[in-house]
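The values are calculated or read from the model by the stated rules, or taken from the named source; none is laboratory data. What you are looking at is a predicted structure, and each value in this text was computed from that prediction instead of being measured. Ideal geometry is used to build each Cβ from the backbone, glycine not excepted, and the neighbour counts take in all protein chains shown. Accessible surface is based on the protein model in full, side chains and every heavy atom, while ligands, DNA and RNA are left aside. Shrake-Rupley method; radii C 1.70, N 1.55, O 1.52, S 1.80 Å.
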Amino acid sequence: SLFVFLFFFDFARYIRYWHLSIRRERQYGIRDMPYMNSWFKYNPQKEIAKLNKPVMIIQGNTDIQVSIKDANKLASANKKSQKVIIKKMNPIFKEAPLDTQDNFKTYNQPELPIKSELVQAISQFVKY
């Protein structure tokens, strides 16, 4: 179950990455393109619908790469899904504002802790 969560989380993140601006593309680098291209053959909603196991969708409401709308689509694709929206969590699991520049600043601050709500949600799901 945790693998499924991580798979779709990673997939959704890279789908959104494809649509980033040139400025952000320079930040992440072109070297990841073959890896990202390999994911495009998958439709996350179709893949998640095939699962007959509990699925957890975790989304931060200050995630500037994957939207809550995307999380809703994934959650609606599988009746066994659990969706958790974590307030003020960005794509790297840190507390961050919605402002893009301030949000990006957290990417270079490894000392910031991950959101405790994330740890709690995953722990409860794994126990489930």
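Brief remarks on what is shown
- The criterion of being of a type in the set (Val, Ile, Thr), surrounded by 15 or more Cβ atoms within 10 Å (Cβ to Cβ), over 21 Å from VAL119 (Cα atoms) and modelled with pLDDT of 65 or more holds for ILE48.
- The residues in the stretch 85-105 that are among the hydrophobic types (A, V, I, L, M, F, W, C), in contact with a helix residue (DSSP H, G or I) (Cβ under 9 Å, 6 or more places away or on another chain) and open to solvent by 40 Å² or more (accessible area, probe 1.4 Å) can be counted, and the count is 3.
- When VAL66, VAL55 are checked against the criterion of being at pLDDT below 90, within 15 Å of the chain's Cα centre (by Cα) and closer than 19 Å to THR106 by Cα, VAL66 stands alone in meeting it.
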